[in-house]
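Visitor: Structure in structure tokens, see below.
All of the numbers you see were taken from the coordinates with simple rules; none came from a lab. Quick caveat: nothing in here was measured; it's all calculated off a predicted structure. Cβ sites come from the backbone with ideal geometry, for glycine too, and all protein chains shown count toward neighbours.
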Amino acid sequence: MALKNTESDYGSIAKWIHWITAILFLAAYVSVYYRQWFTEAKTPENWSALQLHLSFGVSIMVVVGLRVVWRIMDQTPKPEPGSKLEHMAAHVGHYMLYIVMIIAPVTGYIGTGVNTEFFFMFDIPKFESTEIFKYVVSDGLGLTFAEFEKPIDFIHKEILGAWLIWVLIVGHAGAALFHHFVKKDRTLLKMTSNK
């Protein structure tokens, strides 16, 4: 299998980045829902689940950054035959996924009032403790962290986390399955085959 994409298939780097991103998003959701549904506030289990969620979020930021760089550097395989509307919908869906994959972890980080204990190995300072926060938010906008956190938290939890990410993921997976089982083209195979 080639490292780089070809005209007909994704290369191993694009495939690994794609599937690692999917696994990290799933892990972020599992950890946050585990925290909400199965732990009591202010317990060690609750804190550990939060720290796992934050660690997965930081990992998503790094992997998505690499994904964007790789997407710019490497060609994209040619799309399968389809109508202009199908191709436009695919492009819009992919761009929406990229936007959400960037905004979700960024709002998660900047709206969190605690340090991230990155997989319990080392601490990443909370945004409130950074010079960027002081310069842009505190001095620039004149906001306290509590004032800043409220709209950021709303975007992260209520808009992105509660429904938009799920809509995009289900749409993305549904489109891949539609191409595989209904159109019977190679769209899904481009990201899954070992060719």
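Visitor: Using a 10 Å cut-off around each Cβ, can you sort LEU141, LEU24 from fewest to most neighbouring Cβ atoms? It would help to have the intermediate numbers written out before the result.
Guide: Numbers: LEU141 10, LEU24 22.
The fewest-first ordering by Cβ neighbours comes to LEU141, LEU24.
Visitor: Another one. Too long at a 23 Å Cα-Cα cut-off: which of LYS15/LYS84; LYS15/LYS157; LYS126/LYS150? Intermediate results must be reported in sequence, preceding the final value.
Guide: Numbers: LYS15/LYS84 26 Å; LYS15/LYS157 28 Å; LYS126/LYS150 16 Å.
Beyond 23 Å: LYS15/LYS84; LYS15/LYS157.
Visitor: Binned at 10 Å from 0, what are the whole-percent values of the Cα-Cα distance distribution for region 79-185, short to long?
Guide: Pair shares across the bins are 13, 32, 25, 17, 12, 2.
Visitor: For region 1-110, what's the radius of gyration and Dmax over Cα atoms, in angstrom?
Guide: Cα only, region 1-110: 17.2, 54 Å (Rg, Dmax).
Visitor: To continue, here is another question. Go from 0 up to the bin containing the longest alpha carbon distance in the chain, width 10 Å each, and give me the % of pairs per bin.
Guide: Pair shares across the bins are 8, 30, 31, 20, 10, 1.
Visitor: Where does each of 102-109, 60-67 land if you order them by average Cβ count within 10 Å, highest first?
Guide: 102-109, 60-67
Visitor: Follow-up. Which residue, TYR33, TYR135, TYR95, tops the fluctuation ranking in a GNM of the chain built on C-alpha contacts under 10 Å?
Guide: TYR135
Visitor: Whose amide H sits under 5 Å from the amide H of ILE124, counting only residues 5 or more places off or on another chain, with H placed in the peptide plane?
Guide: Residues meeting the amide H criterion: THR116, GLU117, PHE118.
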